[in-house]
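Participant: Starting off with a structure, shown below.
Throughout, read-outs are computed from the coordinates displayed, never taken from laboratory work. The model shown is predicted, which means the values in this text are computed figures rather than measured ones. We place every Cβ from the backbone using ideal geometry, glycine too, and count neighbours over all the protein chains shown.
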Amino acid sequence: MTGRSITVRTYAWVLLALLLLTAATLLLSFVPLGMFHMPVALLIAAAKTVLILLYFMHVIEQRYTIRVVLLVAVLLLGSLIVLTVADTATRDVPFHPPAPE
């Protein structure tokens, strides 16, 4: 560890931020956002994930190498998600047989 510790006050602020983000998720579920509903929900979920990861899992206190390993894992997960979406988006391409002559 680098000697940097998290205070109780910081935990309280992070908890407040998590509660506000949860309330935002709940309130935005009633707002008709159309096609932006899922990206907004995922953005809020990602923000909550980062807060939990940094403060409650103590990644912010760890050395640089742990952060690099975490970044590589996130990039791998992101690339797998992108490849899965690309696969499912192009899977059901309708087949048009050639017109008879």
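Participant: Would you be able to tell me the number of residues in segment 17-73 that are part of a helix (DSSP H, G or I) and either under 19 Å from residue 7 (Cα atoms) or of a type outside the set (A, V, I, L, M) (or both)?
Facilitator: 24
Participant: Continuing with this model, one more query. All but one of (1) surrounded by fewer than 10 Cβ atoms within 10 Å (Cβ to Cβ); (2) charged (D, E, K, R); (3) under 13 Å from the mean Cα position of the chain (by Cα) hold for residue 91; which doesn't?
Facilitator: All conditions are met except number (3).
Participant: Name the residue, out of 76, 83, that is farther than 29 Å from residue 13 by Cα, in a helix (DSSP H, G or I) and more than 16 Å from the chain's Cα centre (by Cα).
Facilitator: 83
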